[in-house]
1. Return the total of residues in the stretch 81-102 being assigned to a loop (DSSP other than H, G, I, E, B) and touching a Gly at 6+ places or on another chain (Cβ under 9 Å).
2. Considering only the stretch 1-57, give the strands (runs of 3 or more DSSP E) lying wholly within it that have at least 1 residues that are closer than 15 Å to residue 78 by Cβ and of a type in the set (Ser, Thr, Tyr).
3. Could you list all residues from the stretch 223-237 that are modelled with pLDDT of 75 or more, of a type in the set (A, V, I, L, M) and over 18 Å from residue 140 (Cα atoms)?
4. Consider residue 5 against the criteria (1) of a type outside the set (Val, Ile, Thr); (2) at pLDDT 95 or above; (3) closer than 19 Å to residue 119 by Cα: it satisfies all of them except one. Which criterion is unmet?
5. Might you let me know whether the stretch 174-185 holds any residue that is buried (at least 17 other Cβ atoms within 10 Å of the Cβ), more than 15 Å from the chain's Cα centre (by Cα) and modelled with pLDDT under 85?
6. So, in the stretch 125-146, exactly how many residues are surrounded by 24 or more Cβ atoms within 10 Å (Cβ to Cβ) and at pLDDT below 95?
7. Would you confirm whether any residue within the stretch 32-40 is surrounded by 17 or more Cβ atoms within 10 Å (Cβ to Cβ), over 16 Å from the mean Cα position of the chain (by Cα) and not acidic (Asp, Glu)?
8. Quick check on my filter: what residues within the stretch 79-107 are among the small types (Gly, Ala, Ser) and crowded, with 16+ Cβ neighbours inside 10 Å?
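The values are calculated or read from the model by the stated rules, or taken from the named source; none is laboratory data. Since we're looking at a predicted model, the values are computed, not measured. Note that each Cβ is placed from the backbone with ideal geometry, even for glycine, and that neighbours are counted across all protein chains shown.
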Amino acid sequence: MHFTSEQRLDDGLIERKFILDEVPGVLWTPSNSSTPVPLILLGHPGGVDKMYPRLVARALGCAANGFAAATIELPGSGNRPRLSHVEQARADLGQALATGAPVGEDIVDRLVLPLVETAVPEWRTALDAFLSLPEIGGPVGYSGGVISIGVRLAVVEPRIVAAGLFAGSFVPRTIINEARQVTIPLHVLLQWDDEGNDRSMALKLFDAFGSKEKTLNANMGGHTGVPQSAGEDADRFFARHLT
């Protein structure tokens, strides 16, 4: 991990940008901690620069609980090389939504599975690097989307002990089947009127999770209408499970 910049934000949060195996990312750590802290991995739909204001806000919520937070760029997003097959699938999805045509499983698979197959190993490599730092000691949580990436990570990565997932994207049948293997505590956020999300698919995924503790936080409104209280609920969820 090669740190490329470091700054102290006004609230005392230390922000460091880095490159790890040509994958850019950002690490936020609370400056007032004298012992190693838990870590929350911040998932997102791609474009760290575009998502930066929301990522910082989420990192601040983590720091308020005494946690570090980190994110890496999604494959094919930001300054990373484009994935032409994924972009074609995204265009096909957009056309289907615009015309009211059904979104077939083939489109969803072509759009989501390549991201999962690439991003999950990258997240695990990044987690190795984060936990090697003296200021980070675990345990580890995962928060955000793409939800299929979070599901796969919850299945294969034993160091993640709790996950807060954002149900804001289409989910391949393969991932729904994998969800039955997820047993860690879950907090799932669903915007009931999300214009780009298949609500029935999100509910089917939630039902499939094998976790004994799983909570669905459903709010009225579209994709960007998440109420502040939903974020506060997620912060309390992680406070229970990472401390």
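1. Adding up the residues that qualify gives 2.
2. 2-8
3. 230, the sole residue that qualifies.
4. Of (1) of a type outside the set (Val, Ile, Thr); (2) at pLDDT 95 or above; (3) closer than 19 Å to residue 119 by Cα, only one is false for residue 5: (3).
5. Within the stretch 174-185 (the criterion being buried (at least 17 other Cβ atoms within 10 Å of the Cβ), more than 15 Å from the chain's Cα centre (by Cα) and modelled with pLDDT under 85), the answer is no, since none of the residues qualifies.
6. 2
7. First pass over the stretch 32-40, keeping only residues surrounded by 17 or more Cβ atoms within 10 Å (Cβ to Cβ): 37-40.
Checking which are over 16 Å from the mean Cα position of the chain (by Cα) leaves us with 37-38.
Cutting the leftovers down to not acidic (Asp, Glu) gives us 37-38.
Yes, there is a match, as at least one residue in the stretch 32-40 is surrounded by 17 or more Cβ atoms within 10 Å (Cβ to Cβ), over 16 Å from the mean Cα position of the chain (by Cα) and not acidic (Asp, Glu).
8. Going residue by residue through the stretch 79-107, those that are among the small types (Gly, Ala, Ser) are 84, 89, 91, 94, 96, 98, 100-101, 104.
Once the filter is applied, which keeps residues that are among the small types (Gly, Ala, Ser) and crowded, with 16+ Cβ neighbours inside 10 Å, the stretch 79-107 yields only 89.
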